[in-house]
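To keep things clear, I will list the structure first and then write my remarks on it.
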Amino acid sequence: MIEKGWQTSERATRRLKKRYRRERRLKAAGILAIGLALGVLVLLLGSVISRGYPAFVKTEIALEITFDARLIDPSGSGEAKQLAKGKYGRALRQALFAKFPDVVERAERRNLTQLFSKAARFELREMILDQPDWIGTTQRVWLTAASDVDMLTKGSLPRDVPQAERRLNDQQLAWVDHFEAAGNLRTVFNGGFFTGSDSREPELAGIGGALAGSFWTLLITLVLAFPLGVAAAVYLQEFAPKNRLTDFIEVNINNLAAVPSIVFGLLGLAIFIQLFELPRSTAIVGGLTLMLMTLPTIIIATRAALAAVPPSIREAAHGVGASPVQVVSHHVLPLAMPGIMTGTIIGMARALGETAPLLMIGMVAFIVDIPSAPFDSATALPVQIFLWADSPERGFEEKMSAAIIVLLAFLIIMNALAVILRRRFETRW
Amino acid sequence: MPLPSKMEISGLDVFYGATRALYDVDMKVAEKRVSALIGPSGCGKSTFLRCLNRMNDIIEGCRVDGDVLLDGNDIYARDLDVVQLRARVGMVFQKPNPFPKSIYDNVAYGPRIHGLTNNAGELDEIVESSLRKAGLYDEVADRMSAPGTSLSGGQQQRLCIARAIAISPEVILMDEPCSALDPIATAKVEELIDELKEDFTIAIVTHNMQQAARVSQYTAFFHLGKLVEFGDTEAIFTNPEEKRTQDYITGRFG
Ligand SMILES: Nc1ncnc2c1ncn2[C@@H]1O[C@H](COP(=O)(O)OP(=O)(O)OP(=O)(O)O)[C@@H](O)[C@H]1O
Ligand SMILES: [Mg+2]
């Protein structure tokens, strides 16, 4: 027998208090967990960004260069072809030795030229090809500094250690200070980081080639996986009879989605390279391999999106005499599209960050040319990060972090896009 | 029965997997009249109605035995085209289910897919006259491009009726079309049904005895998957032959 008025009795009040306490504890635990996750995220982003952002700028040194016609255009024809063969390295050295006349020893002179990037003479050549009228004149030009100088100005190379443990000796430090004091040292935005490809010289290495490789790879993946995945899902969800065979297929698609990506890499290697003899290290093979990996994700997302379309819409369409294909193409598929797009974007984001399968199919080579088609040798952004992480030179460390920043930026943009799509079209019925 | 029947149903059995929903139903749907289907919840009214335009085809595991004739032709015949059948036998559902498209496109969809016209002006006319017949035109004339889902429940249901009549079906099946509507909207739909029977044959499921008495000329009473009694609405409501019918009508069970 339940006592009347038990709700306000002392026991009930005590129980209520206990209940609230438990609720507060649960809430606190939840907030703690979220705080922890956010903290780790901030730590990760903070360390990557603080290490990587210097790579977005580079150091340049100004020098008075005399573009002597005897060095640059000995034949005097002024033709671009002749100009391209000019002795720009010599011009650079002459300018340097003129600036520091007391440096005469061979080793010292070599140390002096080593302050500049190996690309400095190509930069001079570009200048002359752009402005041939500079021949015979003396110009103050900015040239890319060597990686060690770059690291020094960015503060990544310590000065206060014994000379033997330093990449730059005392004399070189003095030269750099001399340039800086005279206003001949500056840091500028490093556009080459985004447009250039991999290089043995850290100051020249860029992610342009890797970005192009990722672009071609993902393009192949998207172009193949999206229509195939959607078609498979539509058939399975809307048209296929429910029987043992379709059950079996369904279970295996779910299994496939859980297979580790490196296994897809091995599969790609066996099928596309060994069986079909497609060229190794190319975006086409990378795209095909990632397609295998992305397909189950897209199929599962599409089926979920199709299943979420209310049956009343299907009934309505059937009721006015739409054929089964019209019901799907006019009503169900458009309503499911936001869900399908969300799933696809998430699948593509996963493919963008995927490294292991690309290692298996040889997209891990050192590639200097920017791939311009799917059949060119290519690497991809995450693989480039892997390659730079493996490099001994200090200069690559910031490149690696900067590449991670770019990769994360792409992933964040893609995920945000997925969220926006989902929000935008969430409930339309 | 004095009037020609549009549809004749005989020996209709329906199974959902192993469970049986209808037992040997024989019935006639009179042309250009309203036939009401009444009975307690779960007795198979919707199931019966859905057999008349083969909407049961899209339900997994549903099996239909027996004959359903439309103008004397078996609609379950092998060579019959379901799309064509549903264009002849339209349906309005219990819950208003407009497409998430504009009001105009909701009504125009049927005529478009059946290629009834490829002239924009003519399509406008079809849409307008369908909306007028459904008693909705004046309310939506100035917002034809607004989404159909932005209408009130009663308006949505009339939109669904307009959508059904836009392709000029011969028969319209209505499954509790007023169950989601308030009394005023219900009165409008009832009025509409009364007008529609001039042009269309109508079969309507309803839980509302007064409604059945008001709008229909024939009434069928279902109970536990069996057709208990079928006849003139007046006869059924004033002088039912079966005890169960009387009990149900007078509210003793259901
Ligand atoms: N899709 C289905 N799958 C399995 N069983 C079903 C299905 N639809 C209906 N049934 C069963 O068939 C029987 C008749 O259902 P039906 O929907 O025809 O009843 P109803 O008379 O329309 O009831 P209500 O008045 O509540 O709408 C019920 O026992 C129901 O459980
Ligand atoms: Mg029903």
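Values quoted throughout were computed directly from the atomic coordinates according to the rules given, and no laboratory measurement underlies them. None of the values given here were measured: they were computed from a predicted structure. Cβ: placed from backbone, ideal geometry, glycine included. Neighbour counts: every protein chain shown.
Numbers for the structure displayed
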| item | result |
| --- | --- |
| Every residue from the stretch A:294-334 that is closer than 15 Å to A:VAL230 by Cα and free of Cβ contacts under 8 Å to residues at least 12 places away in the same chain | A:VAL325, A:SER329, A:PRO334 |
| Top-ranked residue of the stretch B:10-37 - restricted to ones that are of a type in the set (S, T, N, Q) and more than 8 Å from ligand 1 (Cβ to nearest atom), ranked as surrounded by the fewest Cβ atoms within 10 Å (Cβ to Cβ) | B:SER10 |
| Filtered residue count, the stretch B:38-71, keeping only those that are more than 8 Å from ligand 1 (Cβ to nearest atom) and either away from chain A (no Cβ under 14 Å) or closer than 16 Å to B:SER10 by Cβ (or both) | 12 |
| Per-region count, the stretch B:85-117, residues touching a residue at least 12 places away in the same chain (Cβ under 8 Å) and in a loop (DSSP other than H, G, I, E, B) | 11 |
| Which numbered condition A:ILE300 misses (of (1) more than 14 Å from every other protein chain (Cβ to nearest Cβ); (2) surrounded by 22 or more Cβ atoms within 10 Å (Cβ to Cβ); (3) in contact with a Gly (Cβ under 8 Å, 6 or more places away or on another chain)) | (2) |
| Tabulated pairs, the stretch B:36-55, first under 13 Å from B:LEU227 (Cα atoms), second more than 8 Å from ligand 1 (Cβ to nearest atom) and aromatic (Phe, Trp, Tyr), C-beta under 6 angstrom, 6+ apart or interchain | B:ILE38/B:PHE221; B:GLY39/B:PHE221 |
| Output for the stretch A:75-102, where each listed residue is part of a loop (DSSP other than H, G, I, E, B) and surrounded by 15 or more Cβ atoms within 10 Å (Cβ to Cβ) | A:GLY86, A:LYS87 |
| The stretch A:147-203, residues that are surrounded by 16 or more Cβ atoms within 10 Å (Cβ to Cβ) and free of Cβ contacts under 8 Å to residues at least 12 places away in the same chain | A:ARG166 |
| The stretch A:308-326, subset hydrophobic (A, V, I, L, M, F, W, C) and at the interface with chain B (Cβ under 9 Å from one of its Cβ atoms), residue surrounded by the most Cβ atoms within 10 Å (Cβ to Cβ) | A:VAL320 |
| The stretch B:1-50: number of residues that are within 16 Å of ligand 2 (Cβ to nearest atom), farther than 23 Å from B:ILE193 by Cβ and not in a strand (DSSP E or B) | 1 |
| Those residues of the stretch B:39-73 which are in contact with a His (Cβ under 7 Å, 6 or more places away or on another chain) and under 14 Å from B:GLY90 (Cα atoms), in sequence order | B:MET55 |
| Sole residue being away from ligand 2 (no atom under 16 Å from the Cβ) and in contact with a Phe, Trp or Tyr (Cβ under 6 Å, 6 or more places away or on another chain), chosen from B:ASN119, B:ASN106 | B:ASN106 |
| Single match in B:ASP175, B:ASP138 (criterion: within 22 Å of the chain's Cα centre (by Cα) and either within 14 Å of chain A (Cβ to nearest Cβ) or more than 23 Å from B:ARG88 (Cα to Cα) (or both)) | B:ASP175 |
| Enumerated helices (runs of 4 or more DSSP H) restricted to the stretch B:174-254, each holding at least 3 residues that are surrounded by 15 or more Cβ atoms within 10 Å (Cβ to Cβ) and out of contact with any strand residue (DSSP E or B) (no Cβ under 6 Å at 6 or more places or on another chain) | B:183-196, B:209-215, B:243-249 |
| Residues (among the aromatic types (Phe, Trp, Tyr) and over 24 Å from B:ASP175 (Cβ atoms)) located in the stretch B:83-136 | B:TYR104 |
